[in-house]
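A short write-up of the structure that comes next.
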Amino acid sequence: MAIVDVYEAVTSRRAVRGFTDRPVPREVLERVVSAAAWAPSGSNIQPWRVYVLTGGPLAELKKRAGERVATADPWDEREYEMYPPTLKSPYRERRSAYGKERYGKLDVSREDWEARQRAATGNWQCFGAPVALFCYIDRDMGPPQWADVGMYLQTVMLLLRAEGLHSCPQMAWSVYRKTVAEVLSPPDRLILFCGMSIGYEDVTVDYVRAARAPLDETVTFVEGSIPQALAA
Ligand SMILES: Cc1cc2nc3c(=O)[nH]c(=O)nc-3n(C[C@H](O)[C@H](O)[C@H](O)COP(=O)(O)O)c2cc1C
């Protein structure tokens with residue numbers, strides 16, 4: 001069912017990891033990316049560069065990525081770090097809680113690295129989705145422009161909800177960025193930030209809704225009268 005209420009779009013969006021093969025009409029995808037172009041960016045530079053893949057090219061990408069997974073081909077060298085080398089508190093605890101939720105549901109223990117890898121391989125088949133979006137950014141761009149790209153991607157994901165579609169943003173694709181580049185031939189000046197699987201949810205695939213930190217850990221309301229120290 002299509003969702004138009006913003007709150008509902010935000011709260012019903014989640015990283016979906018199981019899609020049906022029902023095709024998504026080209027005009028729907030065009031409507032979404034046309035509207036997403038209204039996402040904000042500093043000085044309106046719109047630093048995103050996006051490719052939308054379906055049909056034969058996507059099948060070819062999944063095939064090539066699948067071969068790399070099957071042959072345990074080493075990941076491509078990184079063009080950006082997904083996380084800081086040491087995640088400090090509270091991020092470390094949040095990440096580990098997420099891992100427990102996600103892999104616990106799949107009955108995969110923390111120590112079982114191979115089983116975790118197997119669970120991750122769905123990434124490179126787009127979890128069965130018939131559409132993939134790849135988002136690049138110019139390598140000259142800095143943190144504010146990467147933030148712009150994040151806003152753009154969230155805009156896409158919310159608009160997809162308005163079309164009854166779901167998505168999963170995937171940094172996982174960056175580890176096979178050369179394979180993605182073989183299919184897309186992007187200019188050298190671009191870095192692949194992430195992929196995004198897009199399609200209709202396969203409701204038979206079980207999931208755990210990722211929790212969120214208590215609001216007072218991430219938001220502070222500053223209000224009331226001016227503190228003495230500032231008023232002086
Ligand atoms: C930039 C970005 C990259 C992500 N990369 C992956 C990924 O490679 N594979 C995956 O399964 N989920 C990926 N996720 C999904 C997150 O794990 C998910 O958003 C988070 O756990 C919160 O869950 P929710 O989106 O279902 O609310 C990514 C999310 C973002 C924003």
Problem set entry | The listed residue being within 13 Å of the ligand (Cβ to nearest atom), of a type outside the set (A, V, I, L, M, F, W, C) and in a strand (DSSP E or B), out of Ser167, Ser174 | Ser167
Problem set entry | Met141 more than 19 Å from the chain's Cα centre (by Cα) and of a type in the set (A, V, I, L, M, F, W, C) | yes
For this session: Mind counting the residues in region 47-105 that are crowded, with 16+ Cβ neighbours inside 10 Å, free of Cβ contacts under 8 Å to residues at least 40 places away in the same chain and among the charged types (D, E, K, R)?
Result: 0
Exercise. Is it the case that region 12-23 has a residue that's free of Cβ contacts under 8 Å to residues at least 40 places away in the same chain and in a helix (DSSP H, G or I)?
Worked result: no
For this session: Take region 187-211 and flag every residue that is within 13 Å of the ligand (Cβ to nearest atom) and of a type in the set (Gly, Ala, Ser).
Result: Gly195, Ser197, Ala210, Ala211
Exercise. Within region 212-228, can one find any residue that is within 13 Å of the ligand (Cβ to nearest atom), at pLDDT 95 or above and assigned to a loop (DSSP other than H, G, I, E, B)?
Worked result: yes
Problem set entry | Residue in region 10-21 that is more than 16 Å from the ligand (Cβ to nearest atom), closer than 12 Å to Glu201 by Cα, under 20 Å from the mean Cα position of the chain (by Cα) and surrounded by 11 or more Cβ atoms within 10 Å (Cβ to Cβ) present | yes
Seminar exercise, completed: Those residues of region 205-231 that are more than 22 Å from Arg95 (Cβ to Cβ) and surrounded by 10 or more Cβ atoms within 10 Å (Cβ to Cβ) come to a total of 1
Exercise. Of (1) loosely packed, with under 13 Cβ neighbours inside 10 Å; (2) out of contact with any Lys or Arg (no Cβ under 7 Å at 6 or more places or on another chain); (3) among the charged types (D, E, K, R), Arg139 satisfies all except one. Which?
Worked result: (2)
For this session: Could you tell me whether any residue of region 37-51 is part of a loop (DSSP other than H, G, I, E, B) and under 25 Å from Val203 (Cα atoms)?
Result: no
Exercise. What about Arg26, is it within 18 Å of Pro130 (Cα to Cα), free of Cβ contacts under 8 Å to residues at least 60 places away in the same chain and away from the ligand (no atom under 15 Å from the Cβ)?
Worked result: yes
Problem set entry | From the options Leu184, Leu159, residue that is under 17 Å from the mean Cα position of the chain (by Cα), away from the ligand (no atom under 15 Å from the Cβ) and in contact (Cβ under 8 Å) with a residue 40 or more places away in the chain | Leu159
For this session: Among residues belonging to region 177-211 that are part of a loop (DSSP other than H, G, I, E, B) and of a type in the set (S, T, N, Q), point out the one that is nearest to Met157 (Cα to Cα).
Result: Thr204
Seminar exercise, completed: Among residues of region 82-121 being part of a loop (DSSP other than H, G, I, E, B) and under 22 Å from Phe193 (Cβ atoms), the residue nearest to the ligand (Cβ to nearest atom) is Met82
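The values are calculated or read from the model by the stated rules, or taken from the named source; none is laboratory data. Remember, predicted model here, so these are calculated numbers, not experimental data. Because the Cβ atoms are built from the backbone with ideal geometry, glycine has one as well, and the counts that use them run over all protein chains shown.
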